[in-house]
Amino acid sequence: VVLAVGAGHDRLVGIPGEDKIGVIGSATFVGWYNAHPDLRNLDPDLNTSNVVVIGNGNVAIDIARVLVKTREEMADSDLPEYATAAIEASPITDVYMLGRRGPIEAKFTNVELREMGELKNAVPIVDAAQLPDEVGDLDNPRDQRLKEKNLATLKEFIKFKPADAPKHVHFGFYANPVEILGGDRVEGLRLEKTKVEGGRAVGTGEFFEIACSLVIPAVGYRSLPVADV
């Protein structure tokens, strides 16, 4: 008997405050704007100027892109009207996409990354100080090419400034989430600055906070046990 049930549930980050109102996992949030019938009535509270997406992969990029695209840009997609209307009516201006490690370790592919520099109403914001001069020598030639393309694209994004557009997607690296702040609802995210040693993110003991009302962890998926198996 082979059970191929998929991994349709959100993986937790594992930090305090993850149970607050305003924390919505990527599987749930993407399911909502992709018209999954079980999530049609999710009705996420988008009444915030800042959104934090935890993750540096293609799912994180897709969420950030959907949150800042115009109705016209989404016209060729299958985004349902209820999601389009909710996003269009929201006051979101800044989406922070954060990863524990650096740009070399990020998992997004170049096609998705490049599109972030072609949006009508938003620009990507990158801190030049977080970008290395080069990728270095990797064992896998395919990974080498991909990461060199990504680094080149991120360097192109340095030219963009917040004043260039009303909305911004901040590419943040070397930032490890340690606590979601607030009472019953999300009021911010506390992070520790990191450095990469031996491919792993190591904390530096320096912390900072981002005010927000919506946190979307995009750190992978998990399967739930099947009853009686």
Discussion item. Could you compute the longest span of the chain free of GluC sites (Glu not before Pro) located in DSSP loops and having at most 12 other Cβ atoms within 10 Å, not counting the site residues?
Written reply: 135-229
Worksheet item: What's the extension gain from GLU72 to GLU197 if we count 0.36 nm per residue and subtract their Cα-Cα distance?
Response: 40.6 nm
Worksheet item: For the range 83-194, what is the accessible area per residue in Å², given a 1.4 Å probe and the full set of protein chains?
Response: 50
Item to complete: Name the most mobile residue of ALA64, ALA86, ALA122, meaning the one with the largest mean-square fluctuation, in a Gaussian network model of the chain with Cα contacts below 10 Å.
Response: ALA86
Response to the item:
Carbon and sulfur atoms account, in whole percent of the 1.4 Å probe accessible area of the range 116-223, for 45
Discussion item. Could you compute the net charge surrounding ALA86? Neighbours are other residues with a C-beta less than 15 Å from the C-beta of ALA86; K and R count +1, D and E count -1.
Written reply: -1
Response to the item:
Exposed trypsin sites (Lys or Arg not before Pro) being those in a DSSP loop with at most 13 other Cβ atoms within 10 Å, the longest stretch of the chain free of them is 160-229
Worksheet item: Looking at the chain, what % of its DSSP beta bridges pair antiparallel, to the nearest 5?
Response: 45
Worksheet item: Taking square-rooted eigenvalues a ≥ b ≥ c of the alpha carbon gyration tensor, is the range 137-193 rounded, prolate or oblate, where a/c under 1.5 means rounded and, failing that, a/b exceeding b/c means prolate?
Response: oblate
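Put VAL52, VAL59, VAL135, VAL111 in order of accessible area, largest first, 1.4 Å probe: what do you get?
VAL111, VAL59, VAL135, VAL52
The values are calculated or read from the model by the stated rules, or taken from the named source; none is laboratory data. Treat the numbers as computed from the prediction; the structure is a model and nothing was measured. Virtual Cβ from ideal backbone geometry, glycine too; neighbours counted across all protein chains shown. All accessible areas refer to the heavy atoms of the entire protein, side chains included, with ligands and DNA or RNA removed. Shrake-Rupley method; radii C 1.70, N 1.55, O 1.52, S 1.80 Å.
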